[in-house]
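Trainee: Have a look at the structure that comes next, please.
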Amino acid sequence: WLKSYLTLGPDRPRWAYVVDALIARNISKSGPNAPDETRVNVLLQTWNANLYQQTSLPPEISHMFRVGKKYGIHLSTPEPSAALKDTMPIWYPIGQDPKKRRVYTSNECHCLQTRHAIRTAGEARALSDLLGRARHKARRNCACTECKRIRQATGCENPHKCAQEAEYLLDNLIEKWDPRKTYSAVRHLTKHERRKNERAHTEGKGGPVIFDPSYAARPSISDNFRIFTNE
């Protein structure tokens, strides 16, 4: 069941969405009091679900998550791909820098959650790109094309401030999970080493091949969950 629940793409079973809703209604008092709009997936965020006493979850669901917790299931990848980082939740993220803990109580955060419907790091990154546009002005009544589009589409009164807040959210992520940055945790082969390996394969002489320690993370979130982890 847990494996099927962690299928987060278009093939995700319908019952998994029901589980999401039930879990979001059973938030534990031991973690952050995340607003309804920010609760995406308990395994991808820092808020906790009440799985034990006084829980209103069906026994099968609470047991499923308790088993996952027992065996240390976590999203674990040494080098997350750009696509993977873009799809991660931006609110209460597991990739948040512990030195930059913050609460999401500003007017801009509320606007991002309700009017902009920002849920992922990729969506926050796209909005923050507004700050670097050539015709954009750092003011409330900026008349650039993108600010006009945002106002019309969302009802946001100050796209510039919300874009700044989106940038702050991204700044709170550790480098590994920041979609604006390229992160490398393992050694990659040099061009010379790759050519040497290619010659060993093409010449067919059975020469030594240099081990490639690099790791390519799969873009799907569900493909990067692991058990028996220490995270």
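Bear in mind these aren't lab numbers, they're just calculated from the coordinates by the rules spelled out. A quick note: this is a predicted structure, and the numbers were derived from the prediction, not measured. Because the Cβ atoms are built from the backbone with ideal geometry, glycine has one as well, and the counts that use them run over all protein chains shown.
Trainee: At 222 nm, what value in deg cm²/dmol follows for the chain if DSSP H runs of at least 4 each add -39500 (n - 2.57) and the sum is divided by all its residues, to the nearest 500?
Mentor: Values: 9 runs with 84 residues, N = 231.
Computed ellipticity for the chain at 222 nm equals -10500 deg cm²/dmol.
Trainee: If we sort 31-38, 43-50 on the protection proxy, mean other Cβ atoms within 10 Å, highest first, what's the order?
Mentor: Values: 31-38: 15.4, 43-50: 18.9.
Per-residue Cβ counts within 10 Å, averaged per peptide and sorted highest first, yield 43-50, 31-38.
Trainee: What does the charge count near Arg149 come to, summing +1 for each Lys or Arg and -1 for each Asp or Glu among other residues with Cβ under 14 Å from its Cβ?
Mentor: Numbers: positive: Arg115, Arg133, Arg135, Lys148, Arg151; negative: Asp129, Glu146.
Within the 14 Å Cβ shell, the charges total +3.
Trainee: Obtain the nm distance between the two label points defined at Glu193 and Arg66 by a simple spin-label model: each point lies 7 Å from its Cα along the Cα-to-C-beta direction.
Mentor: Each label point is offset 7 Å from its Cα along the Cβ direction, giving 4.7 nm.
Trainee: If you don't mind, there's one more thing I want to ask. Under 16 Å from the 7 Å Cα→Cβ point of Thr114, by amide nitrogen: which residues of segment 26-52?
Mentor: Residues 35-39 qualify, since their backbone N sits under 16 Å from the label point.
Trainee: Towards the positive end of the charge dipole of the chain, with charges on Cβ (+1 Lys, Arg; -1 Asp, Glu), say which of Leu173, Pro89, Ala143 has the farthest Cα.
Mentor: Among Leu173, Pro89, Ala143, the one farthest towards the positive end of the dipole of the chain is Ala143.
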